[in-house]
Structures are given as structure tokens and as C-alpha cells.
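Notes follow the structure.
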Amino acid sequence: MNLRVIIADDEPLSIDMLSILLSEIDPNLATVDIVATCQSGRETLQAIDTHQPDLVFLDISMPDGTGIEVAQHIKGFAIAGPAVIFTTAHADFAARAFDLEADDYLLKPLTTERLAQALRRLARKPNGPRHNRIAVPVLGGIEFIDPQEIEWVQAAGDYITLHTDNRSLMIRKTLSSFARDVGPVLKRTHRSYLINPDRVVKILPKSKGEAMLQVCSGACIPLSRRHRDLLSVLADKPPPALR
């Protein structure tokens, strides 16, 4: 099991200790890549949005948003976000954590054995730690689509069109509503567009700070000045091959 992990704790020593314990996990159980460490709730939510991890280790007590509040945000995704394991010295929040469908609740001081037990439980979950499919109404029923297959989404009134690399699907839904449903996988580039950053192959600058983003299929999606912060996300991603 390969896991992209975020560690969120307001104490740097706790982050260091958990990082060491994760490095001691049997690679036959899990290969762990720590993609970010965070010390506040706000920073954690930003890191989840940027890195789309498989698993987040959450402390309870953090500034700018507790671990419980971060877990509430994750549970709000219509598609499952990362798995959540709480790591805390406070036993009295366990019931609330499991109400939020936490995958485990580990009391400090942590041990390699208890951490491995939590990861084994995670590995036994159906489809692994994440279940990222969305339900799309189609003629004759409902089709389940992995959001990673979507290159871009365009809005037209109360309808949106989802574009993958080989087809397009129109559904009756506003862009804002769909953006809430899909969670961090797709990013807003314009009031009428969402894009999958993993599918962007080229940035084409325009005047007045705007740009066009070319995706794998060759389509070019507008990027407005308001959403130029997406360029920093794209800078951290290797471009995929053109199809």
C-alpha cells in the first residue's frame, strides 16, 4: 500500500516523532511519502487541497481550526477525501472523532506497533484508503466516474459539461455546486470553468495577467487573473504527456 501522507500537529517535536515512526513501518505493509507537515487547521486544509493525500494524521488541538474542524470539512466532500487518523493526548474526543468517520484514534505517546495496527486496518478498507468516485446521471441510469478522469468542466447556466480525454457528459448542476461535491480534485480557473491540474500540459500567457491552460486532449481553458494562484500549484506538478 502506497500512501501520500500529511501530518498535522502544532508541536514540531510530535511531527518529528511521527515521521520517525512512519519511517520504521514495514514497507510490505505501507510505503509512506510525507507530502506536507502542518501546524494549524487552516494550513492543513490548504495542504489537503494542494496535495490530495491518501491519509492525514490530525492532532486535536491546533490554532486556526482544530483537528475536529478539519475532519468535519473532509467529511463534507461528496466524494471521500483522505483517510483520517487522529493522534492526540486527549482521549475525551474519541466519540466525536468516530462520529466524523475517523479511521482510527491514536493516543500519544505513539508506538510503531499501534501505528502499524492502524495502517493494517486502513489497508483492509474496501478499495483502500480512498473512494473517489462521483455519481453522474446518464441516460438510463447513473454512471460512476473517478474525478481524476475529468480534464475540465464548463458551465452554461444550470448545466455543466464534464470533459474527459475521450468523451463529454452534460448534467443539470451549477458549477459551484459541482465544485463543492468534487472536493479538491478540480480547481476553479474562471467563473465558468474547473480544471484538473494533473491534466495541464502547457501554460499559454495572455495579456493583463490572464492565461490559457492546455490539457492532455489539446483543449485550452481560460485562467482569469482572479485565479492566478493556481499557477503555484501547477509549478509543483510534472506535466503529463500529450495524448
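Applying the criterion of at least 1 residues that are within 12 Å of Pro147 (Cβ to Cβ) and either touching a residue at least 40 places away in the same chain (Cβ under 8 Å) or not assigned by TED's automatic domain parsing to the domain that holds Thr161 (or both) to the strands (runs of 3 or more DSSP E) found wholly in region 172-227 leaves 187-190, 193-195.
If I ask for residues that are touching a residue at least 60 places away in the same chain (Cβ under 8 Å) and of a type outside the set (Val, Ile, Thr), which ones from region 87-108 would you list? Selection gives Lys108 alone. Of Ile7, Ile60, all but one fail to be outside the structural domain of Asp181 (by TED's automatic domain parsing), in a loop (DSSP other than H, G, I, E, B) and surrounded by 15 or more Cβ atoms within 10 Å (Cβ to Cβ); the exception is Ile60.
Could you list all residues from region 175-216 that are of a type in the set (Asp, Glu) and over 17 Å from Asp229 (Cα atoms)? Answer for region 175-216, where residues must be of a type in the set (Asp, Glu) and over 17 Å from Asp229 (Cα atoms): just Asp181. For region 37-52, a tally of residues being in contact with a helix residue (DSSP H, G or I) (Cβ under 8 Å, 6 or more places away or on another chain), on the phi < 0 side of the Ramachandran plot and surrounded by 16 or more Cβ atoms within 10 Å (Cβ to Cβ) returns 8. Taken residue by residue, region 157-165 has no member that is touching a helix residue (DSSP H, G or I) at 6+ places or on another chain (Cβ under 7 Å), outside any strand (DSSP E or B), modelled with pLDDT of 85 or more and surrounded by fewer than 18 Cβ atoms within 10 Å (Cβ to Cβ).
The values are calculated or read from the model by the stated rules, or taken from the named source; none is laboratory data. Quick caveat: nothing in here was measured; it's all calculated off a predicted structure. Cβ sites come from the backbone with ideal geometry, for glycine too, and all protein chains shown count toward neighbours.
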